[in-house]
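The block underneath contains the structure these notes are about, expressed in structure tokens.
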Amino acid sequence: MESLSKIKVIRLSKSCLSDNEKQAVMEVLNHEHLGMGSEVQQFEEALSEFFGRPAVCVVNGTAALHLALQAAGVGAGDEVLVQSLTYVASYQSISATGATPVSCDIDPKTFCLDLQDAERCLTKNTKAIMPVHYSGNVGELDKIYFFAKKHNLRVIEDAAHAFGTVFQGKKIGGFGDITCFSFDGIKNITSGEGGCIVTDDKEILEKVCNARLLGVEKDTEKRFSGERSWSFDVTAQGWRYHMSNIMAAIGIEQLKRFSEFSKKRKILAKKYDKLLLNTNLKLLPSDYDEVVPHIYSTCLPEGVDRELVRSKLLKKGVQTGVHYQPNHWLSLYPSSRKEINTVDSVAPRIVSLPLHADMSVTDVEFISNSLKEVI
Ligand SMILES: *Cc1c(COP(=O)(O)O)cnc(C)c1O
């Protein structure tokens, strides 16, 4: 690691912050109201305008998923269909409710949920389906909604990668059952940590608003007017999941810069596509008119030593990632299925290349050339 400090490392992902975010945080600090108040309210209003329907902010994307599932009535004895190739956050949010995540396969073309496989996993206990919008792609989302309707399932979209993506002319989050986003430090926009739940289901909205504040009923309105509830009822299990004004102040400024971020991510991903097209790497298809790419994942050819490739790239100053280690390989989530074909075959070969809005096209050229040299 010591020698690395001498070369410039292109980071896999990072927060991209301007003076505006720093100024906004200073204002909150000067005002000395750090908890949940007017900045959170403003951020929620801006997000609701962005999506065209109500958004509720919480402390992170995992909490958003957890609250959404809980509000949808998912709990002990229930099963939730989810692709194994996702961040462990998706799984933990399901098991946190007492429900069981049921590991499904992915479509080899998009790495999104394989709906035919999900159909095979359906039981009388299946209560919900959680499609994960891998890298910003949403796969067969229309068919997933059709399937859910047919089998009376709730749909909780893990849209942590898909902030800004458009599907069939509509923004992700702007339609459908319940959509959850993450604003952690490396997502398409950040509020430091953070996340939100977007839905127009009034019952869900009320439940998540209360549950983020320990189940204290109507505390949200009080906090938005600078007060809090001293006398209240609690009727359901809640959590300490609200967002702070410091976080919201960052988020508000990031949202203003989103079109700039989005444009840049698309340019960089298009450049990768062009430079890596005629190699033996498997690329994910993307229609960047609709998709805002969150990560740039590729699949190495069979037989290539991934860790060797990654360490050679790091020596050249290119940090890479692995999105993801499958969840059905984890001890906590033993699957009744020993093998999940596509996930098992692609997961050991996935490598993600750097993608963030502070990179240049020259960086992409350097990374692509470096990768071609080492495979
Ligand atoms: C980031 C992420 C989450 C969770 O978000 P946090 O804000 O980190 O809790 C969930 N699912 C996926 C696919 C993610 O990438």
Proximal charge balance of A24 [Cβ under 13 Å; K/R count +1, D/E count -1]: -2
Residues of the stretch 167-196 with amide N under 14 Å of the 7 Å Cα→Cβ point at R257: 185-192
Pairwise centroid distance, computed over Cα atoms, of the stretch 313-354 with the stretch 211-254, Å: 36 Å
Two-decimal log10 I(q)/I(0) for the chain, as the Debye equation yields it once each C-alpha is a single scatterer, q = 0.08, 0.10 Å⁻¹: -0.41, -0.64
Distance in nm between pseudo-label sites at L283 and T362 (7 Å out along the Cβ direction from Cα): 2.3 nm
Around R53: net Lys/Arg minus Asp/Glu count, Cβ-Cβ under 13 Å: -3
Unit charges on C-beta of K, R, D, E only; dipole of the stretch 9-59, Debye: 360 debye
In the stretch 301-367, GluC sites (Glu not before Pro) in a DSSP loop with at most 14 other beta-carbon atoms within 10 Å: E302, E339
Cβ-placed point charges (K, R +1; D, E -1), dipole of the chain about Cα centre in debye, nearest 20: 940 debye
Within the stretch 71-174, percent of DSSP bridges classed antiparallel, to nearest 5: 20 percent
Among beta bridges that DSSP assigns inside the chain, antiparallel share in %, nearest 5: 55 percent
Of I204, H151, V343, farthest towards positive along the dipole that unit charges on Lys, Arg, Asp, Glu beta carbons give the chain: V343
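Given axes a ≥ b ≥ c from the Cα gyration tensor, I'd like to know whether the stretch 1-147 is rounded (a/c under 1.5), prolate (a/b larger than b/c) or oblate. Could the numbers behind the result be given before it?
Values: a/c = 2.18, a/b = 1.43, b/c = 1.53.
Oblate, since a/c reaches 1.5 and b/c is not below a/b.
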Listed pairs K124/K170; K109/K150; K143/K282; K170/K271; K109/K149; K170/K256 exceeding 23 Å between Cα atoms: K124/K170; K109/K150; K143/K282; K170/K271; K109/K149
J(HN,Hα) series, the stretch 45-56, from Karplus relation 6.51 cos²θ - 1.76 cosθ + 1.60, nearest Hz, glycine and proline x: 5, 5, 5, 4, 5, 4, 8, x, 7, x, 10, 10
Selected from M36, C16, G136, residue furthest toward positive end of dipole (the stretch 1-157; charges at beta carbon): G136
Cleavage-rule hits (chymotrypsin sites (Phe, Trp or Tyr not before Pro)) in the stretch 118-213: DSSP loop, at most 11 neighbouring Cβ within 10 angstrom: none
Shape of the stretch 86-132, Cα gyration tensor, a/c cut at 1.5: oblate
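Read the figures in this text as sums done on the coordinates, not as results from a lab. Every value quoted in this text rests on a predicted model; they were computed, and no experiment measured them. Don't worry about glycine lacking a Cβ; one is built from the backbone with ideal geometry, like all the others, and counts go over all protein chains shown.
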